[in-house]
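*Asks:* Below you'll find the structure I mean.
Computed from the coordinates by the stated procedures, all read-outs in this text should not be read as laboratory data. What you see is a predicted model; the values in this text were computed from it and never measured. Quick reminder, even Gly has a Cβ in these numbers, built from the backbone with ideal geometry, and neighbours come from all protein chains shown.
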Amino acid sequence: MEHIKIIREFHPRIEKEMVFRQIQCFPDSPVYEEIEDTFHDIEKNMLELCEPAGIMALGKIPAGYLQQEREAIYVLVTIGSKLSALSTKKFSEGDYVQGMLIDAVADSLLFSLEADIIRELRHICLAWKKGISQRLEAPHDLSMHIQAEALRQTNAGKLLGLKLSSGYMFQPIKTICSIYLTSDNEHQFKAQHDCRNCPNAECLLRHVEPLKIRIINDKEKETVVSMADGTLLEAIQTQTDTIPSPCGGQGICGKCRIQVLEGYLPITSKDQELFTDNELADGWRLACRAVPGEDLTIRLKWRNEAEISIQTNFCKGSGIPPSGISSNQMKQSGQYGFAIDIGTTTLAVQLISLETGICIDTGTRLNSQRIHGADVITRIQASINGKCKEFMEQIRSDLWQSMEILCKKHNISIKNIRRIAIAGNTVMIHLLMGYPCDGLGKVPFTPYRINSLQISGRKLFPETDYRTDLLIYPGISAFVGADIVSGLCALHMAEEEPIQLLIDLGTNGEMVLGNKNKLLVSSTAAGPAFEGGNITRGTGSVPGAISKAHLENRSLDIQTIQGHAPVGICGTGVIELAAELVRNGEMDETGRLKDHWFESGFPVALDPQGEQICLTQKDIREIQLAKAAVRSGIEVLLANYGITADQVDLVYVAGGFGYQLDYEKAIVIGMFPAAFSEKLQTVGNSSLRGAAELLCNPKIMRKAAKTAALAEEINLSADPAFQEAYMEAMFFEE
Amino acid sequence: MAIIQEISEYLQKGRAKNVKALVQQALDEGIDPKEILNKGLLNGMMIIGGKFKRNEIFVPEVLVAARAMNAGITILKPKLVEVGNEPIGRVVIGTVEGDLHDIGKNLVGMMLQGAGFEVIDLGVDVKPEVFIEKAEDENADIICMSALLTTTMTNMQNVIDMLKDQNLRNKYIIMVGGAPVNESFAQEIGADYYTPDAASAAETAKDAVLK
Ligand code: B12
Ligand code: FES
């Protein structure tokens, strides 16, 4: 086994907020704008001068440093010496502003590599079958001399050209050394830096001072909480008012919004994704992401409109494009592009700077075609029956409008749009391109065209510049489309050794299992139940939807989205209820409710009209079919791959619904194998992320083509094992 | 004189372009370059330094002002050489051997320049003998050493000891600084001055050479 790994693939990025904090430049500074101008002048050049490289090695911390000799992974990461050299040069020329900024930008770039490193480390740990129990840094955890061990054991002198000074500092200076103690528990992964363990109380990047937060709630009542660390949401929830956080503080649902009345609260990337510039200027922030650096006065108040949140987020380690810069600082020059995800119901369009890879803004809208049918099958039918051209025009105009709005909002000329990258399911791409859908509607389900496309943007959007390229990801089959290939690229699934599983929990239930050597795909007809469809009192993820349930001693506790009066049950709620009913014996494992609930259904809550919201026997059958489809799909894929569930290293759950799902409950009802318990990870809109990556790096198209070619489709309905697995997966048991 | 006052004020606001134009104008008007330097540029920097020390302004304002000062000096320099203007003192500055942290040192250098010193920057990872050689070559008044690591701060002692060995200790004013350094450490190793930040470093240096 190879125990030294060199890492060359990084996604360095500049976090403006961190840079400005480091040089202590805040928006109220009289020279803020001037510094900002300089920042934008140099920003682009900085990324070019950044030469990231990293190395990890499994080695030993010799006895003498800690109580005894310990096994550890040494990690060194650097951005090279060009930026520091430029900073020094600027200082010597008397351009202190640039000198200082470049240095801070270099630090930001260096720290941004951490996300890539953590992701690599995660994979290496899987490959080496190690867990991480603690992260150590010189000189507070180990003496500075450990840096000499790090150099020796990683062989980074030879492999990366690093040197050590007599004071045990690495050259280039922009190098960080971190050391991770290993453990035998593969599931342990305590690798994140924690400011609380660092004795450097003056660090400008530190986040732990106790602060006073004055809170005015919606009834104008005032309270003061103090916070030492953690997020604003945690401080508020533990010390005073409740504040809705349906996504569990992931910065996705946008429900924990608060307004800052006094004091400065930094804008996070999530804030930029969810708020408009005006809202940001008015002080709107997400409490769950907020780590205040000074005393604040805030107002608790949330918007009440019944909106379904559209998924545009993505979580996996890191990657381009990060959001960093708020739009009003954007100039009208430069090159930009759009990353687009065409969903059956919703469209997501992301405006991205091609020079920095920074996501400037994201726009979402509903797909206008949906009035002609909610799912792909009805769309195929309508298209065959003469709607082909209308659909094509509709989607193009939807997308064009979204792009125009974003350009206007950020004062960017259409001429500066140089590239558009698109992902979407096979049917959506057919409709976009105006391809005939005949083959998609009948056995053996053959697409008209499935390969990738690289054409002039003018073909679809005549008003774009003649230089605009348009890229569309390749698909795999009629059922597994470009959106999945895009997600696979974003997750690097077809490039790595560990065996990973991607499940898109939508109506089509696409799944992909494998690694760089073998990739199996399939899709399973999960139906609309996960989105609240076909459920008697089912509803989408709207305020008031019952989303959490806990049953103990015959007393049922429920939670609704945003804490509103209950209006119905959303997909997550249905799964939670089913799990609680089985756990408490109110329903047997075949899915039959106890006799006294059988007729009327299990009472869950009263709606504002005083009517009983029940989970009926029929609802349970619906969810049973949906979860059985998912589970049997997984089982058949595993069987075809020739492995068991515990041989899968990581499981990604994509799709809007996956975000709020309590995986343990999904395991209780048998939707996922129990062996997945520690491995399930939510990834959100991986398709949009893949499109963004392709936009920034068109070479990814080669990778995409390889991935699509590697994929082998398993047709579930034709697989006799599927029927059997399906029947077995009907039971509500682990 | 109004224009000199204006130079100082524009400098404090960090307006490099205005400072440049006004310095040129002042020269054209035949004003003594020394006066432009001392009462315009350096006076402006002194006010900025004071404000910084009193926490009235932050690093960015200082940087912008210093950049404007530098723009002015660039224009003034040839004239200053002509009239034979002498800086108030010469400083060699560097980060000690084994240490590569340079931002603190750079800021100290910047403020010293703003106080009217000629600053010779030796860079980082500077060996004790290099500090001494350069100080001798440049006929320096002050040696400034910066260290950010506990493992490297002891190298300051080496420089001082080496100076003593060569019987040069009393020829130089020695100043030390950096995050882990403090007053008592400075005394222990036999340095002359320690200051916690760049603005007070410039003030202290000025007082020391004028004494
Ligand atoms: C920025 C920084 C870095 C940057 C380098 C930036 C650069 N180009 O210099 C990076 C991220 C690369 C870095 C890396 C490391 N760093 Co570092 N770094 C810092 C940090 C956060 C700020 C230093 C700085 O630039 N401050 C801003 C300037 C303006 O302030 P200053 O340097 O203190 O200077 C002011 C005064 O001290 C004074 N002054 C300075 N010099 C002089 C000289 C004279 C004569 C006078 C009068 C005054 C004076 O005036 C200055 C201006 O007001 C400090 C923490 C801290 N708060 O100091 C740690 C710190 C210095 N680093 C530290 C360490 C340990 C490291 C690493 C070893 C961490 C690691 N495990 O990887 C690495 C080593 C990297 C390597 N190559 O091997 C430690 C040192 C601990 C110790 N006691 O020895 C510190 C103290 C942080 C900590 N507590 O952990 N670091
Ligand atoms: S809790 Fe903050 S956005 Fe969901």
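*Asks:* Could you work out, residue by residue across B:144-150, how many beta carbons of other chains sit within 10 Å of that residue's beta carbon, and then give the average as an integer? Before the final figure, lay out the partial values.
*Replies:* Values: counts 0, 0, 0, 1, 2, 7, 4.
Partner-chain Cβ atoms within 10 Å, mean over residues of B:144-150: 2.
*Asks:* For region B:19-71, state which trypsin sites (Lys or Arg not before Pro) are in a DSSP loop and have at most 14 other beta carbons lying within 10 Å of their beta carbon.
*Replies:* B:Arg54
*Asks:* Taking a ≥ b ≥ c as the square roots of the Cα gyration tensor eigenvalues, with a/c under 1.5 meaning rounded and otherwise prolate when a/b beats b/c, else oblate, which class fits region A:211-302? Walk me through the numbers before you get to the answer.
*Replies:* Working: a/c = 1.36, a/b = 1.25, b/c = 1.10.
Taking the square roots of the gyration eigenvalues as a ≥ b ≥ c, region A:211-302 is rounded.
*Asks:* Continuing with this model, one more query. Non-local amide H neighbours of A:Val567 (under 5 Å, H modeled in plane, Pro and chain starts lacking H): which ones?
*Replies:* Residues meeting the criterion, in which the H sits 1.01 Å from N, are A:Ala545, A:Ile546.
*Asks:* On alpha-carbon atoms, Rg over Rh for region A:402-524 using Kirkwood Rh? Write out the running numbers ahead of the final one.
*Replies:* On the way: Rg = 16.7 Å, Rh = 16.0 Å.
My calculation puts Rg/Rh at 1.04.
*Asks:* Got the relative contact order for region B:2-82 handy, in percent, Cα pairs under 8 Å and 6 or more residues apart?
*Replies:* Working: 97 pairs, mean separation 36.1, N = 81.
45 percent.
*Asks:* In sequence order, what are the phi-derived ³J(HN,Hα) couplings for region A:37-47 according to the Karplus relation 6.51 cos²θ - 1.76 cosθ + 1.60 with θ = phi - 60°, rounded to whole Hz, with x for glycine and proline?
*Replies:* 4, 4, 4, 5, 4, 8, 3, 5, 4, 4, 4
*Asks:* Shifting gears a bit: Averaged over B:121-130, how many beta carbons belonging to a partner chain fall within 10 Å of each residue's beta carbon? Intermediate values should be presented prior to the final figure.
*Replies:* Details: counts 3, 0, 2, 6, 6, 0, 1, 0, 0, 0.
For peptide B:121-130, the averaged partner shielding equals 2.
*Asks:* Could you tell me whether the protein assembly as shown comes out rounded, prolate or oblate from its Cα gyration tensor? Rule is a ≥ b ≥ c as square roots of the eigenvalues, rounded for a/c under 1.5, then prolate if a/b exceeds b/c, otherwise oblate. Walk me through the numbers before you get to the answer.
*Replies:* Numbers: a/c = 2.10, a/b = 1.89, b/c = 1.11.
Prolate is the answer for the protein assembly as shown, as a/c is 1.5 or above and a/b outweighs b/c.
*Asks:* Give the shape of region A:429-495 as rounded, prolate or oblate, defined through the alpha-carbon gyration tensor: a ≥ b ≥ c are the square roots of its eigenvalues, a/c under 1.5 means rounded, and otherwise the shape is prolate if a/b is larger than b/c and oblate if not. Can you show the working numbers first?
*Replies:* Details: a/c = 3.31, a/b = 1.22, b/c = 2.72.
Oblate is the answer for region A:429-495, as a/c is 1.5 or above yet b/c matches or exceeds a/b.
*Asks:* Residue by residue through region B:122-135, what is 3J(HN,Hα) from phi via Karplus (6.51 cos²θ - 1.76 cosθ + 1.60, θ = phi - 60°)? Round to whole Hz and write x for glycine and proline.
*Replies:* For region B:122-135, the Karplus curve yields 8, x, 10, 6, 8, 6, x, 5, 5, 3, 6, 3, 5, 4 Hz.
*Asks:* Based on the mean of other Cβ atoms within 10 Å per residue, sort peptides A:358-370, A:477-489, A:102-114 so the most packed one is first.
*Replies:* Values: A:358-370: 20.2, A:477-489: 28.3, A:102-114: 23.5.
Result, highest mean first: A:477-489, A:102-114, A:358-370.
*Asks:* Averaged across the residues of B:91-101, what count of C-beta atoms belonging to other chains lies within 10 Å of each residue's C-beta? Intermediate values should be presented prior to the final figure.
*Replies:* Details: counts 0, 0, 0, 0, 1, 2, 3, 7, 6, 10, 3.
What the average comes to for B:91-101 is 3.
*Asks:* Against the longest principal axis of chain A, how steep is helix A:96-128, in degrees 0 to 90 to the nearest 10, with axes from Cα atoms?
*Replies:* Around 50 degrees separate the two axes.
*Asks:* Please give the FRET efficiency for A:Ser555 paired with A:Ala674, using the beta carbon to beta carbon distance and R0 = 45 Å, rounded to the nearest 0.05.
*Replies:* Details: r = 27 Å, r/R0 = 0.61.
After rounding to 0.05, the efficiency reads 0.95.
*Asks:* Follow-up. Would you please give the residues with an amide H less than 5 Å from that of B:Gly89, counting only those at least 5 places away or on a separate chain, with H modeled from the backbone geometry?
*Replies:* B:Glu118
*Asks:* At a Förster distance of 56 Å, what's the computed FRET efficiency of A:Glu495 paired with A:Ile216, Cβ-Cβ distance as r, to 0.05?
*Replies:* Numbers: r = 51 Å, r/R0 = 0.90.
Given R0 = 56 Å and the Cβ-Cβ separation, E is 0.65.
*Asks:* A further question follows. May I ask you to order A:67-80, A:598-611 by the average number of other C-beta atoms within 10 Å around their residues, highest value first?
*Replies:* Working: A:67-80: 20.5, A:598-611: 13.5.
Most protected by this proxy first, the peptides run A:67-80, A:598-611.
*Asks:* So, one more: Give the distance, in whole Å, between the Cα centre of region A:53-84 and the Cα centre of region B:168-211.
*Replies:* Computed from Cα coordinates, the inter-centre distance equals 36 Å.
*Asks:* Then there is this: If each DSSP helix of 4+ residues adds -39,500 (n - 2.57) and the sum is divided by the residues in chain A, what number results at 222 nm, nearest 500 deg cm²/dmol?
*Replies:* Details: 20 runs with 229 residues, N = 734.
One gets -9500 deg cm²/dmol as the mean residue ellipticity at 222 nm.
*Asks:* Something else about it: Checking a compactness column here: for region B:57-211, what do you get for Rg(Cα) / (2.2 N^0.38 Å), N being the number of residues?
*Replies:* Values: Rg = 15.2 Å, N = 155, 2.2 N^0.38 = 15.0 Å.
Output field value: 1.02.
*Asks:* Output the relative contact order of region A:4-197, whole-number percent, from Cα pairs under 8 angstrom with separation of 6+ residues. All intermediate terms of the calculation are to be shown ahead of the outcome.
*Replies:* Working: 316 pairs, mean separation 52.5, N = 194.
In percent, rounded to a whole number, it is 27.
*Asks:* Given contacts defined as C-alpha pairs under 8 Å and at least six residues apart, what's the relative contact order of chain A, whole-number percent?
*Replies:* Dividing the mean separation by the residue count of chain A yields 10 percent.
*Asks:* Next question. If every alpha-carbon in region A:325-465 counts as one equal scatterer, what log10 I(q)/I(0) does Debye give at q = 0.20 1/Å?
*Replies:* Evaluating at q = 0.20 Å⁻¹ gives log10 I(q)/I(0) of -1.15.
*Asks:* Using a Förster distance of 30 angstrom, determine the FRET efficiency expected from the C-beta separation of A:Glu599 and A:Ala525, and round it to 0.05. List each step's numbers first, then the result.
*Replies:* Details: r = 29 Å, r/R0 = 0.98.
Efficiency for this residue pair is about 0.55.
*Asks:* Further question: How do the peptides A:117-130, A:506-519 rank, highest first, by the average count of neighbouring beta carbon atoms within 10 Å per residue?
*Replies:* Values: A:117-130: 19.3, A:506-519: 21.2.
For the peptides A:117-130, A:506-519, the packing ranking is A:506-519, A:117-130.
*Asks:* On the first, second and third principal axes, largest extent first, how far apart are the outermost C-alpha atoms of region B:2-82 in Å?
*Replies:* 37, 22, 18
*Asks:* Return one number: the angle in degrees, 0 to 90 and rounded to the nearest 10, between the long axis of the Cα atoms of helix B:103-114 and the longest principal axis of the Cα atoms of chain B.
*Replies:* 50
*Asks:* Also, I was wondering about something else. Excluding B:Ala2 itself, what net charge comes from residues whose Cβ is under 14 Å from its Cβ, given Lys and Arg +1 and Asp and Glu -1?
*Replies:* Working: positive: B:Lys39; negative: B:Glu6, B:Glu9, B:Glu29, B:Glu35.
For residues surrounding B:Ala2, the net value is -3.
*Asks:* Same structure, new question: Which percent of Cα pairs goes in each bin when the distances of region A:497-558 are cut into 10 angstrom slices starting at zero?
*Replies:* Spelled out bin by bin, region A:497-558 gives 19, 29, 26, 20, 6, 0 percent.
*Asks:* Can you list the residues, at least 5 places off or on another chain, whose amide H is less than 5 Å from the amide H of A:Cys614, using H built in the peptide plane?
*Replies:* The list, which skips near neighbours in sequence, is A:Val604.
*Asks:* Can you work out ³J(HN,Hα) from phi for every residue in region A:608-614, in order, using Karplus 6.51 cos²θ - 1.76 cosθ + 1.60 and θ = phi - 60°, giving whole Hz and x for Gly and Pro?
*Replies:* So the Karplus estimates, Gly and Pro as x, are x, 7, x, 8, 6, 8, 10 Hz.
*Asks:* If N is the number of residues in region A:1-77, what value comes out of its Cα radius of gyration divided by 2.2 N^0.38 Å? Please report the intermediate quantities before stating the final value.
*Replies:* Working: Rg = 19.8 Å, N = 77, 2.2 N^0.38 = 11.5 Å.
Working it through for region A:1-77, the quotient is 1.72.
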